[in-house]
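Notes follow once the structure below has been shown.
No lab work stands behind these numbers, since they all come straight from the coordinates. Predicted model, so just to flag it, every value in this text is computed and none were measured. Using ideal geometry, Cβ is built from the backbone for each residue, glycine included, and neighbour counts are taken over all protein chains shown.
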Amino acid sequence: MNAFLDDFAMDQIGFHAHRLATTLHLSHWEHEDLKQDMVLELIQAAQRFDPEKASKETFVVRVLARFSKYATRKHFSQQGNPVGSAESLDPNYDLHEMARPGEQTDMERRLDVEEVVSQLPEQLQEICRALMTNSVSEAAAILGVDKSTIYRKIPKIREHFISLGFGELCDTFATSADITNEE
């Protein structure tokens, strides 16, 4: 058995699978399939585990939480509901709030952004996440770097988003030409 599939991981799989099955009104067999899918996800994710970045328990919880979000999104998209995700997997949350057909919900956009950001090198991830809620000056202060460092990294972040097909999200990033022209 894989070293990642210890008692803690199996308990977490049971917890997440039960919560999804309850929230999404899955059958017994769908619930069992979901647990097997979670086991496979953990086995595949194990190769990305870095004990210097997080504990094994934290890694397991994050992998399963992300899997749960995507499983919810997939479940609704297969049913023809464009929402495809939920802000919360709390059973009291109204999962059936409809978006317009073909319109991406805020949560879907957040999931997409998080997926793209998670593929950046660690330093660019930190900068990108700091810029999500702060100005360049504030991000520089938080990260303990000069503003020019942030401005030099923005084009790399932009290129990454564009290369993965999320260029429309880059409208908020200043281009290097914009920065040069402003000086």
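List the relative contact order of region 1-76 as a percent without decimals, with contacts defined as Cα pairs under 8 Å and 6+ residues apart.
Numbers: 45 pairs, mean separation 31.7, N = 76.
RCO, region 1-76: 42 percent.
If each residue's Cβ is checked for other Cβ atoms within 10 Å, how do LYS74, LYS156 rank with the fewest at the top? It would help to have the intermediate numbers written out before the result.
Numbers: LYS74 12, LYS156 15.
Least to most surrounded, the residues fall as LYS74, LYS156.
Treat each spin label as a single point 7 Å out from the Cα along the C-beta direction, and report the LEU5 to TYR70 distance in nm.
Those two pseudo-labels are separated by 1.9 nm.
Given a Förster distance of 41 angstrom, what is the FRET efficiency for HIS18 paired with GLU138, based on the Cβ-Cβ distance and rounded to 0.05? Walk me through the numbers before you get to the answer.
Values: r = 41 Å, r/R0 = 1.00.
The formula returns an efficiency of 0.50 here.
Work out the FRET efficiency for GLU32 and ARG110 from their Cβ-Cβ distance, taking R0 = 30 Å, and round it to the nearest 0.05. Spell out each step's value before the answer.
Values: r = 30 Å, r/R0 = 0.99.
Calculated value: 0.50.
Between SER148 and ARG62, how many nm apart are label points set 7 Å from Cα along the C-beta direction?
3.2
Net charge within 10 Å of ALA9 by Cβ-Cβ distance, Lys/Arg positive one each and Asp/Glu negative one each, not counting ALA9 itself? If you can, show how the numbers build up before the last one.
Working: positive: LYS56; negative: ASP6, ASP7, ASP11, GLU57.
Here the count lands on -3.
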